[in-house]
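Participant: Right, I'll just put the structure down here and ask away after.
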Amino acid sequence: MGSLPDQVYLNEIPKLREYPNIRTLGYVATHYADKAIEDVLAEIDVYAKWPRVTNNTKMRVDGIFLDETPSTYDAEEYAYLKTASQAVRNGTTFKDRFIGM
């Protein structure tokens, strides 16, 4: 994933953000917790930086959708997903969306 989305996203995300009932999400596949956690965290960070690198506050995403997650409990996979989740929850870009959760 590059540091900027393609032009379609650059054009359309600001339009979507004008609607009060729309929440935009970044997409990060975890490959069922097999993707290096550093790569997952880096992808989360890319989405967090979109407003700054585009110089457009309307390019802000409201959160991250972590996809391809395990369907059964495993302590290591739980810790992996907790790390990714905490990166989203603690990131200043997304933090205000998780108040009270």
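Participant: In segment 9-36, how many are open to solvent by less than 40 Å² (accessible area, probe 1.4 Å), among the aliphatic types (A, V, I, L, M) and over 12 Å from the mean Cα position of the chain (by Cα)? So that I can check it myself, show each step before the final result.
Facilitator: Initially, segment 9-36 is screened for residues open to solvent by less than 40 Å² (accessible area, probe 1.4 Å), giving 13-14, 24, 26, 28-30, 33, 35.
From what's left, among the aliphatic types (A, V, I, L, M): 13, 28-29, 33.
In the following step, the residues that additionally are over 12 Å from the mean Cα position of the chain (by Cα) were identified as 13, 33.
Matching residues across segment 9-36 total 2.
Participant: Let me ask another. Since VAL40 meets every condition but one in (1) within 13 Å of the chain's Cα centre (by Cα); (2) exposed (fewer than 12 other Cβ atoms within 10 Å of the Cβ); (3) of a type in the set (A, V, I, L, M, F, W, C), which condition does it not meet?
Facilitator: The number of the failed condition is (2).
Participant: Please find, within segment 1-41, the residue that is farthest from ALA79 (Cα to Cα) out of those that are β-branched (Val, Ile, Thr) and without any contact (Cβ under 8 Å) to a residue 40 or more places away in the chain.
Facilitator: Going through segment 1-41, the residues β-branched (Val, Ile, Thr) turn out to be 8, 13, 22, 24, 28, 30, 37, 40.
Next cut, without any contact (Cβ under 8 Å) to a residue 40 or more places away in the chain only: 8, 22, 24.
Numbers: VAL8: 35, ILE22: 30, THR24: 26 Å.
Per the criteria, the residue is VAL8.
Participant: Okay, next question. Within segment 1-57, how many residues turn out to be part of a helix (DSSP H, G or I) and of a type in the set (D, E, K, R)?
Facilitator: Going residue by residue through segment 1-57, those that are part of a helix (DSSP H, G or I) are 7-16, 37-54, 57.
Checking which are of a type in the set (D, E, K, R) leaves us with 12, 15, 38-39, 43, 45, 49, 52.
Matching residues across segment 1-57 total 8.
Participant: Next question. Only residues that are in a helix (DSSP H, G or I), surrounded by fewer than 16 Cβ atoms within 10 Å (Cβ to Cβ) and within 10 Å of the chain's Cα centre (by Cα): list them for segment 63-88, please. So that I can check it myself, show each step before the final result.
Facilitator: Here is the first cut: in segment 63-88, the ones in a helix (DSSP H, G or I) are 75-88.
Then keep just the ones that are surrounded by fewer than 16 Cβ atoms within 10 Å (Cβ to Cβ); that gives 75-76, 78-79, 82-83, 85-86.
SER85, the sole residue that qualifies.
Participant: With the requirement that a residue be surrounded by fewer than 18 Cβ atoms within 10 Å (Cβ to Cβ) and either over 26 Å from GLU18 (Cβ atoms) or under 14 Å from the mean Cα position of the chain (by Cα) (or both), what does segment 47-62 give you?
Facilitator: LYS49, PRO51, ASP62
Participant: Taking only pairs six or more apart or across chains, which ones have beta-carbon atoms under 7 Å, a first residue in segment 76-101 that is more than 17 Å from GLY26 (Cα to Cα), and a second residue that is modelled with pLDDT under 95 and not in a loop (DSSP other than H, G, I, E, B)?
Facilitator: Within 7 Å, no pair qualifies.
The values are calculated or read from the model by the stated rules, or taken from the named source; none is laboratory data. A quick note: this is a predicted structure, and the numbers were derived from the prediction, not measured. Note: ideal-geometry Cβ built from the backbone for every residue, glycine included; neighbour counts use all protein chains shown. Only protein heavy atoms, including side chains, enter the accessible area calculation; ligands, DNA and RNA are left aside. Shrake-Rupley method; radii C 1.70, N 1.55, O 1.52, S 1.80 Å.
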